[in-house]
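Below you'll find the structure, written out as C-alpha cells, and then a few comments.
Read the figures in this text as sums done on the coordinates, not as results from a lab. Worth saying up front: this structure is predicted, and the values here are computed from it rather than measured. Please note: Cβ atoms are built from the backbone with ideal geometry, for glycine as well, and neighbour counts cover all protein chains shown.
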Amino acid sequence: MTTTTISGTTLEVDAEGFLLDAGQWNEQVAEAIARERGIERLTDRHWLVIHFMRKTFLETGSAPSIRTLGKASGVEVKELYQLFPKGPAKLAALIGGIPKPRGCI
Amino acid sequence: MRAKLYASGRGRGLGTSRTRRVAAPDSGAASVGQYVGTVRHRIVILGGGIAGTLAANRLRRLYGDRAEVVVVDRDERHVYQPGLLYVPFGLTEPEAIVRPRAAFLADGIELRLGEVERVEAGDSTVFLADGTSLPYDVLVVATGALLLPEETEGLTGPGWNESVFTFYTLDGAVALRDALRAFEGGRLVVNLIDMPIKCPVAPLEFCFLADWFLQERGVRENVELTFVTPLDGAFTKPIASRMLTGLLREKGVALETEFATGRVDGETGRLISWDERELPFDLLVTIPLHGGHEFVARSPGLGDELGFVLCDQHTLQAGVAPNVFAIGDATNVPTSKAGSVAHFQGETLVENVRRFLDGEPLAGTFDGHTNCFIETGFRKALLIDFNYDVEPLPGRFPRPHAGPLPLLKESRLNHRAKLLFPWVYWNVLLRGRELPGIGAQLQLAGKTVPAAKGESE
C-alpha cells in the first residue's frame, strides 16, 4: 500500500493508483487524477460515466465492466473510448475513486 | 396432456401444493392423485445442462416423492461442453460429446421441452412460449450462458465459418476442425471479445493445443500464432497469469493485451479495437460475447443488464424473490463460468432450497470454488484451484502435500486425470454425487503463496 497527495489531501492507493477507500474521493480528486492521466477537462459526459461507476460500485460492491457501461450508463462504447482512451472502465474507475474492475474471472 | 394439468393450476403457493394433482412421471413411480392431502413441494428447474441436471438429481434424492421436480429445456441434446475444445483438433468426435438429457435425470424427474417466455416471480409462475404456465413453490434458474456473436459488428458477416470461427458451439467446432486441417500457414489469431465467458482458460488451451497440432502437421513454422485479449494479461488472476504468460512465450505464442475488439472485418481479415488498433488475420478463432438466456431480460427484476441472474454469491438465492435460486453459468456471481463451479454450488443450492421450504435461515456456504484443468499440449496439463478470495496457487491436489496432482504446474498426470474427466462428468457430476476427497469448499492446506512482486490484490 502507498499514499499519494492530490489537491492537498493524502490518499491511500494501491500499486496501480486506485483509491483504497472510495470515501476519500471528491470531485477535486477526480479532476486531479484525470489531469495526471492526460484528460485536461472533465465534461458532463465524463461525469455521467464517473457517477454511474460510483453508484454501481457503492450499490453492488463491484465496479461495472465496459459492457455494462455501454448498456446502462447512457454512453455508448465507442464514445466511452473517446472520453477515456485505452481502457474506459479502468480509467473511469481510477478517476471515480473505486477499485479496478476485475473483468470477472 | 400434462400441459393442460399445469395450465389449470392457477392457484399457487404452498397451500395449493397440498391438493394439486400431479401427472405420473414416465417411470410410473408415482400415480396421479397419490399425494392428495400431503405436502408436496413443486420445484421447477429451468435448464437441463450440467447445473440444472445435477440440481434436479440432488433435489430428487433429498425429497423422493415428497417433491415434484420438473426440468424445462428447449431441446433434448446435452452437450459435454468441455469436449468442444478437442473437436477442432480431431481429438474427439462430435457425436461422442452429445447425449440425451433425459438419460441423466433420475427416475421421477420430469423433463418438459419448451421455450421459456418469462418468469413472474411475484406470482411464482413460469410462462412458456406455447402459452402454458408452470406454477412453482421453488424455482431454480440454470439456463447457463448464451453466445452473442451478433453483438459484435461484422463478426457474423462475410467470412463467418469460412475464416472466422468459434469452437464454443458444436457446429462451429466442426467447421473449425475442417479449416484447421487445411490450414497451411499464415496468421492464426485467437481472440476473446470480452469477459465474462464460459471456461476462461479455454482460449489459452486452444493456443497450446494449436501449437501442438500445427507441429504435428509440420506447418507450425509457417504460422504466426497470436492470443488477443481485452485483459491486461493472459489470465485474470496475477500468479496464474504470470505463469500462463510464460507458457505462451515458451510455445512461441504472441500475446496482445488490452485489445477490446469493437468490430471484425472478415472480408479483409482484420480485428479492429474500439480505439482503432488493427490486427490482421488469415484465420480467426474468436470467443463471442456471452449473456444470460433471453427470457431473463423479459422477467421483471430477475437479471442484470447482461441477462445474468442477480443472486447472493454465498447463498445463491436470487434477489427477485426468496423462493428463486440460481446455479451455474446463469448466475452473476463473480467466479468462473465452469462446470466445476456448478458442481461445487450443488450442495449449497440444495441445502438452501430445503432451508427455505422448512422456514430456516439460509446457509452462506458457497465460496466461489473453481477447479480447472488446462491442457497445454504434448499430453500435459495444468490444474488450478481457486475461489472468491484465494487465487490459483502452486501446491498439491486434492490431498494437501500428498496430491497426487500438482497445482499450477504442467504434468502428464494432470493430463491423464483430464482424460478421465468425461467419465466423471457423465457418471458422477451429472448424477449430483460427490467426488471422494474433494470438498465443496476450497482447501488452503498444501497451497503456497510464492514470493511475489507488484501484487495489487
| message | Between B:E267 and B:D130, what is 0.36 nm times their sequence separation minus the Cα-Cα distance? Round to one decimal in nm. | response | 45.3 nm
| request: State the answer as a single residue: which of B:L430, B:G122, B:A240 lies farthest towards the positive end of the charge dipole of the protein assembly as shown, with beta carbon charges of +1 for Lys and Arg and -1 for Asp and Glu, about the Cα centre. | output: B:L430
| Based on Cβ point charges of +1 for Lys and Arg and -1 for Asp and Glu, what charge dipole magnitude is obtained for segment A:2-96 about its Cα centre, in debye rounded to the nearest 20? | 380
| When Cβ neighbours within 10 Å are restricted to other protein chains, what is their mean count per residue of peptide B:228-238? | 2
| task | Note the full-extension length gain between B:L413 and B:I438 as 0.36 nm times their separation in residues minus their Cα-Cα distance, in nm to one decimal. | result | 7.3 nm
| What residues of segment B:75-96 lie in the reach of a label at B:A103, counting those whose backbone N is under 12 Å from a point 7 Å from the Cα along Cα→Cβ? | B:77-80, B:95-96
| Rounded to a whole number of µm²/s, how large is the Stokes-Einstein D of chain A at 37 °C and 0.692 mPa s, given Rh as the Kirkwood radius over C-alpha pairs? | 242
| note | Within the protein assembly as shown, the percent of DSSP beta bridges that are antiparallel, given to the nearest 5, stands at 55
| note | Label model pair B:E216, A:E79: point-to-point distance (7 angstrom along the Cα→beta-carbon line) in nm is 5.1
| Alpha carbon centroid spacing (whole Å) that separates segment B:362-414 from segment B:216-233 | 25
| Considering only B:L225, A:V29, B:A142, whose Cα is most displaced toward the positive end of the charge dipole of the protein assembly as shown, charges sitting on Cβ of Lys, Arg (+1) and Asp, Glu (-1)? | B:A142
| task | Fewest Cβ neighbours within 10 Å first, please rank B:K337, A:K55 accordingly. | result | A:K55, B:K337
| task | Taking the dipole about the Cα centre of chain A, with the C-beta of Lys and Arg at +1 and of Asp and Glu at -1, give me whichever of A:A93, A:A15, A:P64 is farthest to the positive side. | result | A:P64
| note | Neighbour-count ranking for B:S163, A:S65 (other C-beta within 10 angstrom, fewest to most) reads B:S163, A:S65
| query | Can you give the charge dipole size of the protein assembly as shown about its Cα centre, rounded to the nearest 20 debye, using +1 on the beta carbon of Lys and Arg and -1 on the beta carbon of Asp and Glu? | reply | 1780
| said: Can you tell me, using C-alpha contacts under 8 Å and at least 6 residues apart, the relative contact order of segment A:1-60 as a whole percent? | reply: 19
| How well do other chains shield peptide A:52-62, expressed as the mean number of their Cβ atoms within 10 Å of each residue Cβ? | 1
| query | Counting DSSP beta bridges in chain B, what percent are antiparallel, to the nearest 5? | reply | 50
| field | Nonlocal amide H pairs with B:F259, under 5 Å, H built at 1.01 Å | value | B:T229, B:L231
| message | If each residue of separation counts as 0.36 nm, what is the full-extension length gain between B:T156 and B:V449 once their alpha-carbon separation is subtracted? | response | 101.1 nm
| task | Run a plain Debye calculation on segment A:40-90 (Cα atoms as equal point scatterers, no solvent) and give log10 I(q)/I(0) at q = 0.23, 0.32 Å⁻¹, rounded to two decimals, same order as the q list. | result | -0.80, -1.39
| Can you give the calculated 222 nm mean residue ellipticity of the protein assembly as shown, where each DSSP H run of n ≥ 4 adds -39,500 (n - 2.57) and the sum is split over every residue, rounded to the nearest 500 deg cm²/dmol? | -8000 deg cm²/dmol
| message | Quick check on packing: order B:67-73, B:315-321, B:428-434, B:42-48 by the mean number of other C-beta atoms within 10 Å, highest mean leading. | response | B:42-48, B:67-73, B:315-321, B:428-434
| note | For chain B, the dipole about the Cα centre with charges only on Cβ (Lys and Arg +1, Asp and Glu -1), to the nearest 20 debye, works out at 2020
| So what's the angle, to the nearest 10 degrees on a 0 to 90 scale, between helix B:412-424 and the longest Cα principal axis of chain B? | 30
| task | Report, in degrees rounded to the nearest 10, the 0 to 90 angle that the Cα long axis of helix B:50-63 makes with the longest principal axis of chain B. | result | 30
| task | Take chain B, compute every pairwise Cα distance, and split them into 20 Å bins from 0; I just need the percent in each bin. | result | 24, 54, 21, 1
| query | What does the charge add up to near B:D265, with Lys and Arg as +1, Asp and Glu as -1, over the other residues with Cβ less than 11 Å from its Cβ? | reply | -1
| Quick one: if the Förster radius is 22 Å, what FRET efficiency do A:K55 and B:D275 give, using the C-beta to C-beta distance and rounding to 0.05? | 0.30
| message | At a 10 angstrom cut-off on C-beta neighbours, averaged per residue, how do the peptides B:179-185, B:386-392 rank from highest to lowest? | response | B:386-392, B:179-185
| request: Provide a whole-number value for the mean count of partner chain Cβ atoms within 10 Å of the Cβ atoms in peptide A:81-90. | output: 3
| request: Within the set of other residues whose C-beta is less than 12 Å from the C-beta of B:L146, count the net charge using Lys and Arg as +1 and Asp and Glu as -1. | output: -1
| Cα Rg over Rh - the protein assembly as shown, Kirkwood | 0.98
| message | I'd like the orientation of helix B:170-182 relative to chain B: the angle between its Cα long axis and the longest Cα principal axis, in ° from 0 to 90, rounded to 10. | response | 20
